[in-house]
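Chemist: For reference, the structure I am asking about is given below.
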Amino acid sequence: MKTLKKVKAPIVEALISAYNKHSYHFHIPGHTRGNGVYETFKNFMGEKFFQCDMTDEFDGIGTLNPPTGPIKEAEELCAELFGAQKSLFLLNGSTVGNIAIAMALSLQGKKIIVNRNCHRSVLTGMIISGAEPLWVNPDKLDDWSLWGKINPRDIENLLNTHNDVEMVWLTNPTYEGVVSDIETISKICKKHNVPLVVDEAHGTLWKFNKELPTPSLDLGADIVVQSFHKTGGSMAQTSVLHIAKNTQFDVEALVHSLRLLQTTSPSIILLAGLDAARANLETEEGLNNIQIAIDNAKYLSSKIEDLNHIKQLKQEPCDPTKIFIKADNLSGKQLETILEEDYNIEVEAASDRGILLLSNIGNEKKDFEYLADCLKDVDSKDYTKLTKENKKHMPMLIPKIKMNLREAFYSEKEEVKKEDAIGRISAEVIAECPPGIAILLPGELITQEHLPYLEDYSVLEVVKQ
Ligand SMILES: Cc1ncc(COP(=O)(O)O)c(C=O)c1O
């Protein structure tokens, strides 16, 4: 493999040395290099996996909290590559990063500006911290049943009306790859001297190809969370929280919150996966794979152009590796089921109107050739006889907020039948994943309009009257 420079991967290297060293182990994990694992599982996974399953502290691997040794070095290499002051490895996904941000930086009763379609982990953070959200509703793409861009003017208006906002906390891009004007929003935040946090869970690769949008860290955001596992090539549940070089945030408060929340037994396999994903982005092959993902997405888009009944969402700017399509006469869930059952295709997500397909660094051109052929086949068939489904999936309602999130969540509650819950105040978060956007949040008035989203629920938890 050709590389642009000598690439280091300290955790990967420490893991290899620990694996090769013969030692006697009297510590966790108690399966002791796989000896104590259920045989069927071990045989399926392979012995090596369990021999590598170690936690920090042992065998010269360093520690995560606080970062020492190879783990510290790996975080520093990550910060250098992404242009951050600090990059902190997260082992419960961007979820734990968002909760730590809220805990450290949005204190009880303090106002923060948040987009309505934020991920449920942002809500969890606000339930814990007690912050007072000022909601921003992005544009609605009604033909697609999707949320669109956040309008910078809405942020400016809120900052003009409230002079005590602690931070602006936005999601960019949306799950479907719609990109907001973070550059303008960042300038507005700086003018008002309010820090900007961006949940960039779906934008890990942006720094590494000019055809992808510019990462928020390069546009002046103070803190950015990225789910490396979503697109960056690390394993599930591994993410990174980047802190900008010149942030006004209390960096130590954030580091301390994270220390309270993260596991004390971090998996070296997962940490090595993060280290390897970062290292891969410094290799020619890693960068080529991003270009291939973009080219594959363009290829698929060009094939979709030729279809009669299947259309692709087109927004500028956008992340071209996220392809959202809809088919005439089919809901997104129906299209998902057809692709799964008739063609063995697993899509990223399905919503009311369409499905989300990702062109990833691990995909090959032939995957897209197959997908394009299958879509052509679907396009030629008549599905008009399929029964329409009533359930709605993508929460598009503008919440009517009656109570603070934390107050409602910790209030005295009762369970009531869904139909009897209309007019009551929700005491729980209902947000199905994907996309993890709230159908109901604590403190929100429950209305008739919520019912089509709640078909799978018979009772709801509401604030006791
Ligand atoms: C916008 C957004 N933020 C945060 C998260 C949580 O990320 P993770 O799964 O890495 O915890 C998700 C997950 O889907 C997401 O879509």
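Chemist: Within the stretch 146-256, which strands (runs of 3 or more DSSP E) (wholly inside it) include 2 or more residues that are touching a helix residue (DSSP H, G or I) at 6+ places or on another chain (Cβ under 9 Å), within 24 Å of residue 66 (Cβ to Cβ) and within 16 Å of the ligand (Cβ to nearest atom)?
Modeler: Per the criteria, 223-226, 239-243.
Chemist: Related question: So which of 60, 30, 36 is in contact with a helix residue (DSSP H, G or I) (Cβ under 7 Å, 6 or more places away or on another chain) and surrounded by fewer than 17 Cβ atoms within 10 Å (Cβ to Cβ)?
Modeler: After applying the criteria, what remains is 60.
Residues checked against (1) closer than 30 Å to residue 225 by Cβ; (2) hydrophobic (A, V, I, L, M, F, W, C); (3) outside any strand (DSSP E or B); (4) in contact with a Lys or Arg (Cβ under 7 Å, 6 or more places away or on another chain):
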position	(1), (2), (3), (4)
326	yes, no, no, yes
338	no, yes, yes, no
347	yes, yes, yes, no
355	yes, yes, no, no
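Chemist: Can I ask one more? Within the stretch 112-122, is there a residue that is at pLDDT 95 or above, within 14 Å of the ligand (Cβ to nearest atom) and among the hydroxyl-bearing types (Ser, Thr, Tyr)?
Modeler: Yes.
Chemist: Working only within the stretch 341-368, note down all residues that are farther than 27 Å from residue 203 by Cβ and acidic (Asp, Glu).
Modeler: Hits for the stretch 341-368 are 341, 342.
Chemist: Do we have any residue at all in the stretch 72-85 that's surrounded by 18 or more Cβ atoms within 10 Å (Cβ to Cβ), farther than 15 Å from residue 243 by Cα and touching a residue at least 12 places away in the same chain (Cβ under 8 Å)?
Modeler: So far as the stretch 72-85 goes, yes, one or more of its residues are surrounded by 18 or more Cβ atoms within 10 Å (Cβ to Cβ), farther than 15 Å from residue 243 by Cα and touching a residue at least 12 places away in the same chain (Cβ under 8 Å).
Chemist: Another question about this same structure. What do you reckon, is residue 311 closer than 26 Å to residue 369 by Cα and not in a helix (DSSP H, G or I)?
Modeler: Working: closer than 26 Å to residue 369 by Cα: yes; not in a helix (DSSP H, G or I): yes.
Taking the combined requirement at face value, the residue satisfies it.
Chemist: Take the residues in the stretch 418-465 that are closer than 26 Å to residue 128 by Cβ and part of a helix (DSSP H, G or I); name whichever of them is farthest from the ligand (Cβ to nearest atom). If you could, list the steps in order and put the result at the bottom.
Modeler: Within the stretch 418-465, the first condition is being closer than 26 Å to residue 128 by Cβ, and the residues that meet it are 421, 424-446, 450, 453-454, 457, 459-465.
Imposing the further condition that a residue be part of a helix (DSSP H, G or I) reduces the set to 421, 450, 453.
On the way: 421: 27, 450: 21, 453: 18 Å.
Ranking the candidates gives 421 first.
Chemist: Suppose we keep only residues that are among the hydrophobic types (A, V, I, L, M, F, W, C) and within 16 Å of the ligand (Cβ to nearest atom) within the stretch 123-134. Which one would you say is farthest from residue 392 (Cα to Cα)?
Modeler: Filtering the stretch 123-134 for residues that are among the hydrophobic types (A, V, I, L, M, F, W, C) and within 16 Å of the ligand (Cβ to nearest atom), the one farthest from residue 392 (Cα to Cα) comes out as 128.
The values are calculated or read from the model by the stated rules, or taken from the named source; none is laboratory data. Note that this is a predicted model, so its numbers are computed, not measured. With ideal geometry, Cβ positions are generated from the backbone for all residues, glycine too; neighbour counts draw on all protein chains shown.
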